[in-house]
Amino acid sequence: MKIYTKHGDKGFTRLADGIGIVKSDFRLEAIGDIDELNCHIGLLVCRVEPKLAEKLQLIQSSLFVLGACVASDSQETLGNMELISLKDIVSLEKNIDEMDEQLSPMRFFILPGGHESIATAQIARTVCRRAERSLIRWVQATDQPNYDVALAYINRLSDYLFMMCRFLHHSLSIPEVPWNSGK
């Protein structure tokens, strides 16, 4: 199979179920942002300890499912894939709470950076926020049913990634640098 079809040269592509769509559509923006988020998390996987990497890879699998669901309205195409569930949110919250238990309370805004893994997690967090906004735009613009839990998941995922940044500061013994507002 050739990787190039030349069908997209004029700004059109096909969804997973074969439906044609303009590349500037909100739906493709959401698919692309979710894909980019997954790639940034993949980079983060390369920069953290195996236990965290394993958790991140589970998140990557969930993001692939989310992307597939956004890319197709056809249950036949999706097979037995199910959209994000409440158990996925509960898992994120459990992981957030586990990291939070090991950290001192946050008393100031933190400048991104300090270590490659922390900076990578911060980038993933901001891309996650963008993916959330684009997913919301598509859901609202097309009145998509059944995406409330997926929206909550991606919102919670950005919280998880922020907490991971704080956890990485702690576990790597790298001080968090407070933002100085100048006030």
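Bear in mind that the values in this text are calculations on the coordinates, not laboratory data. The structure presented is a predicted model; accordingly, all values stated were derived computationally and were not measured. Heads up, the Cβs are rebuilt from the backbone with ideal geometry, glycines too, and the neighbour counts pull from every protein chain shown.
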- Query: Which order results if Cys46, Cys128, Cys69 are arranged by neighbouring Cβ count within 10 Å, fewest first?
  - Reply: Cys46, Cys69, Cys128
- Report the charge-dipole magnitude of the chain in Debye, nearest 20, computed about the Cα centre from +1 at each Lys and Arg Cβ and -1 at each Asp and Glu Cβ. 580 debye
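Below 8 Å, C-alpha to C-alpha, sequence gap of six or more: please give me the relative contact order for the stretch 13-95 in percent.
Relative contact order for the stretch 13-95 comes out at 31 percent.
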- Compactness check, the stretch 48-120: C-alpha Rg relative to the 2.2 N^0.38 Å globular estimate gives 1.46
- If you rank Glu49, Glu132 by fewest surrounding Cβ atoms within 10 Å, what's the result? Glu49, Glu132
- Task: Pop out the ³J(HN,Hα) list for the stretch 128-140 in order, Karplus 6.51 cos²θ - 1.76 cosθ + 1.60 with θ = phi - 60°, rounded to Hz; leave Gly and Pro as x.
- Result: 4, 4, 5, 4, 4, 4, 6, 5, 4, 4, 5, 4, 6
- Any chance you could run the full-extension gain for Asn146 through Lys51? It's 0.36 nm times the residue separation minus the Cα-Cα distance, nm to one decimal. 31.0 nm
- Item | the chain - Rg (one decimal) and Dmax (whole number), Cα, Å | 18.2, 60
- Label-to-label distance, nm, for residues given as Thr77 and Trp179 (7 Å Cα→Cβ offset): 4.0 nm
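Taking R0 as 22 Å, what FRET efficiency do you get between Leu58 and Glu36 from their Cβ-Cβ distance, rounded to the nearest 0.05? Kindly include the intermediate steps, with their values, before the conclusion.
Numbers: r = 19 Å, r/R0 = 0.85.
Plugging the Cβ-Cβ distance into 1/(1 + (r/R0)^6) gives 0.70.
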- Task: For the stretch 1-99, just run the numbers: alpha carbon Rg, then divide by 2.2 N^0.38 Å, N being how many residues it has.
- Result: 1.28
- Taking +1 at the Cβ of each Lys and Arg and -1 at the Cβ of each Asp and Glu, which of Ser72, Ile19, Met99 sits farthest along the dipole of the stretch 1-101 towards its positive end, judged by Cα position relative to the Cα centre? Ile19
- For the stretch 36-92, size of Cβ-based charge dipole, Lys and Arg +1, Asp and Glu -1, in debye: 300 debye
- Task: Name the long-range amide H neighbours of Ile110: under 5 Å, sequence gap of 5 or more, or other chain; modelled H, no Pro or chain starts.
- Result: Trp179
- Note on the structure: In whole Hz, the Karplus estimates of ³J(HN,Hα) for the stretch 31-41 (6.51, -1.76, 1.60; θ = phi - 60°; x where Gly or Pro) are 4, x, 5, 5, 5, 4, 4, 4, 5, 5, 5
